[in-house]
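All of the numbers you see were taken from the coordinates with simple rules; none came from a lab. For clarity, every value in this text was computed on a predicted model and none was experimentally measured. Neighbour counts are summed over all protein chains in view; Cβ atoms, including those assigned to glycine, are modelled from backbone coordinates with ideal geometry.
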Amino acid sequence: MKGLKTIICMIGTRPEVIKMVPVIRALKASTWAKCVVVATAQHRKLLDQMLQRFNVTVDYDLDLMQANQGLNQLIARMLPELDEIIKKEQPYALIAQGDTATVFGSALAAFNAQVLFGHIEAGLRTYNLQHPFPEEGYRQMVSRITRWHFAPTIQAAENLKNEGIDPNKIYVTGNTCIDTLLQTVCEQPAQEKAQKRTILLTAHRRENFGQPLINIFTAILEILKKHPDVDVLYPVHPNPNVQKLAYKMLGGHERISLCEPLDYFEFVAAMQNAYIILTDSGGVQEEAPSLKKPVLVLRATTERPEAVQAGASHLVGADIERITQEVGCLLEDEAYYGSMQIEKSPFGDGHAGMKIVSIIENN
C-alpha cells in the first residue's frame, strides 16, 4: 500500500452505511487510495445488519453504543478512540456522511489533529436548532471545519455559500443514497401490486415524541376508518418512546402491520410496494421521489426543500387534520396523486460516490 493516500471512512448508523457504501466501493476500486473503515457503532444492531448485507469490512469497530447513553457521553468516548486511530493510520483525510454524533465527533477529531475532513451531504439546513435536534446543530458546526463540502443539491450548495463558506470548497455531487437506491432497484424489481393500497409509515424523530406521535397515530386511525381499501405498514423504531405508544394505539388494528425495523433491501421493497409514504425520515424524502411515490413529511420543517419545491413531497407536520386531508386527496384524486410523481429526482443521478472520490483525488 506504499504511496497510497489513506482515507478514513466513518460510519455509525444504518443510514450512514447506506450512503457511504458507494464512496467506500469507489475508494477501494481506485488506484490511489487506501480505504480504512471505522465504525463507531452509534447504533449497534441496525448498523451490523447493513454492514453484513452490503459486505462492508470494518477495520476499526469502536463499539460505542450503550443503553441510555447521552450524546455528550457518546462523543466524549469517541474522541480519544479516533485520536488513536488517526495517530496510527496517519490519514490524508477523514470523510463522513450526514449529521449524527458520529459525524460531528469525526469532524472535531480530524480538525484537532489537523487532518482534512470531507462532509458528504453538506449544506442541508432548516435554520431551527430544535428541528431536527441535534442534527441541525451538528451540521452547522461541522461546516465550519470542513475541507470538502459535498452538497447533494444546488440549494444545499447555496446554503453554504450564503453562510460564507469558500465556494472553492463546495461541490455539488448529488446524494449517494440515490446511487445505492438505483442499484438496489435494478437488482430487486418491484413485486405485483396487492389489492389493498398500502401506506408506509416511518415516525421516530425526537421532536415527534409525545403529543406529536399521538396526533400522527390518531390520523392514521381516522384514515383507516374512512378508507377500507387501505392498510398500513409501520416498521417501529426500537426507541421505547416510539414503541410503547405505537403498540398501545395501533397494535390491535387488523389493517395495521407493526414490525421491527426492516433492513435496507426490505425497506426499498416496501417503498416500491407502497401507494403513499408518510415519514419524518430525511433519507426517505430523498429516495421516494426516484420511485415516484408521493411523500407526506411528518415534520414542521425540512432540510430537503427540493422535493417540496418539485412537488414530490408535502409538509404536513403532526397535524391530524392536515395529514388526513392530504392522504384523502391522494387516495381519492388520481390527478392530484399524479402531480406528485415527478420525472426527475432533484437528489442526483446515481453517480455521486464516484464524483466524491474523484474530487478528493484531484483537490
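Yes or no: region 320-334 includes at least one residue that is under 21 Å from the mean Cα position of the chain (by Cα) and farther than 30 Å from Ser30 by Cα.
Initially, region 320-334 is screened for residues under 21 Å from the mean Cα position of the chain (by Cα), giving none.
No, every residue in region 320-334 fails to be under 21 Å from the mean Cα position of the chain (by Cα) and farther than 30 Å from Ser30 by Cα.
In this entry, Val268 is excluded by the filter for residues that are touching a strand residue (DSSP E or B) at 6+ places or on another chain (Cβ under 9 Å) and crowded, with 17+ Cβ neighbours inside 10 Å.
Only residues that are farther than 23 Å from Ser106 by Cβ and without any contact (Cβ under 8 Å) to a residue 24 or more places away in the chain: list them for region 130-157, please.
Initial filter on region 130-157 (farther than 23 Å from Ser106 by Cβ): 130-131, 154-155.
Within region 130-157, just Ile154 meets the criteria.
Restricting region 81-114 to residues that are free of Cβ contacts under 8 Å to residues at least 40 places away in the same chain and among the aliphatic types (A, V, I, L, M), the residue that is surrounded by the fewest Cβ atoms within 10 Å (Cβ to Cβ) is Ala113. Could you look through region 281-295, keep only residues that are under 19 Å from Glu334 (Cα atoms) and buried (at least 24 other Cβ atoms within 10 Å of the Cβ), and pick out the one that is farthest from the chain's Cα centre (by Cα)? Of everything passing the filter in region 281-295, Pro294 is farthest from the chain's Cα centre (by Cα). Of everything in region 204-217 that is buried (at least 17 other Cβ atoms within 10 Å of the Cβ) and either of a type outside the set (D, E, K, R) or over 20 Å from Asn128 (Cα atoms) (or both), the residue that is nearest to the chain's Cα centre (by Cα) is His204. In region 268-287, is there at least one residue being within 27 Å of Arg125 (Cα to Cα), free of Cβ contacts under 8 Å to residues at least 60 places away in the same chain and not polar (S, T, N, Q)? Among the residues of region 268-287, not one is within 27 Å of Arg125 (Cα to Cα), free of Cβ contacts under 8 Å to residues at least 60 places away in the same chain and not polar (S, T, N, Q), which makes the answer no.
Tell me which residues, restricted to region 25-41, are of a type outside the set (Gly, Ala, Ser), without any contact (Cβ under 8 Å) to a residue 40 or more places away in the chain and in a helix (DSSP H, G or I). Scanning region 25-41 gives a single hit, Lys28. Of the listed requirements (1) among the hydrophobic types (A, V, I, L, M, F, W, C); (2) touching a His at 6+ places or on another chain (Cβ under 6 Å); (3) within 23 Å of Tyr336 (Cα to Cα), Val242 misses just one: (3). Against the numbered list (1) over 21 Å from Phe267 (Cα atoms); (2) part of a loop (DSSP other than H, G, I, E, B), Tyr171 comes up short only at (2). If the condition is being polar (S, T, N, Q), in a loop (DSSP other than H, G, I, E, B) and more than 19 Å from Asn159 (Cα to Cα), then region 101-128 contributes only Gln114. Considering region 324-361, and only residues there that are charged (D, E, K, R) and buried (at least 20 other Cβ atoms within 10 Å of the Cβ), the residue that is farthest from Lys293 (Cα to Cα) turns out to be Lys355.
Give Ile220, Ile178, Ile199, Ile145 a once-over and let me know the one that is surrounded by 20 or more Cβ atoms within 10 Å (Cβ to Cβ) and not in a helix (DSSP H, G or I).
Result: Ile199 is the single residue among Ile220, Ile178, Ile199, Ile145 that is surrounded by 20 or more Cβ atoms within 10 Å (Cβ to Cβ) and not in a helix (DSSP H, G or I).
Only one entry of Leu250, Leu213 meets the criterion of being in contact with a helix residue (DSSP H, G or I) (Cβ under 8 Å, 6 or more places away or on another chain), closer than 28 Å to Met65 by Cα and not hydroxyl-bearing (Ser, Thr, Tyr), and that entry is Leu213.
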